[in-house]
1. Per the 1.4 Å probe, what fraction of the accessible area of segment 46-155, in percent, lies on carbon and sulfur atoms?
2. Once the mean 1/r over all distinct Cα pairs of segment 85-125 is inverted, what Kirkwood radius in angstroms do you read off?
Amino acid sequence: MRMRAGRAVAAAGVCAAGAGIAALAWRRGRLLGGLRGGLFDGARGGLRAVEVTGESMLPALRAGDWLLVRAGAPVRDGDAVVARHPWNEDRLIVKRAVREESGGWWLESDNQRAHGRQDSWDFDAVPHDLVLGPVVARYWPFRRAGLLSRSARPR
């Protein structure tokens with residue numbers, strides 16, 4: 001975890017440099033905290049806000065985008081989702097849910113060429129209990145605000 005502009009930002013994925021991958025900061029009310037202790041613990045239901053950093057979800061999601069996530073809602077093929085990284089559950093990642101498998105969800109980056117990106121090609125399907133919920137909207141920056149649909153995935 002690193003601090004940026006007075007906000008805690010959790011790096012998503014595991015890489016030595018910790019750069020170039022979609023990462024999230026979790027906001028609860030007016031407080032923005034790190035992920036130690038699991039801010040999603042017991043947080044099923046309701047909307048939560050996350051900030052994207054990195055390039056692994058370009059062009060659909062960009063660094064600086066603030067997203068609303070429906071914690072605990074059902075996930076469907078094609079949804080952008082927030083999940084705990086299977087190798088480091090203190091870190092959150094945002095990825096595309098490609099398909100459901102017996103062991104969990106196969107999650108992929110939209111931008112497979114992003115430096116340092118990690119997804120199910122690296123760590124296999126993410127267990128169901130680590131997939132926290134689908135992204136339903138982007139609310140900042142305002143000019144890019146709107147609902148996110150499964151069709152937002154580049155073809």
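The values are calculated or read from the model by the stated rules, or taken from the named source; none is laboratory data. Keep in mind the model is a prediction, meaning the values are calculated, not measured. Quick note on the areas: whole protein, heavy atoms, side chains included, nothing else; ligands and nucleic acids left out. Shrake-Rupley method; radii C 1.70, N 1.55, O 1.52, S 1.80 Å.
1. Roughly 49 percent, rounded to a whole number.
2. Roughly 10.6 Å, rounded to one decimal.
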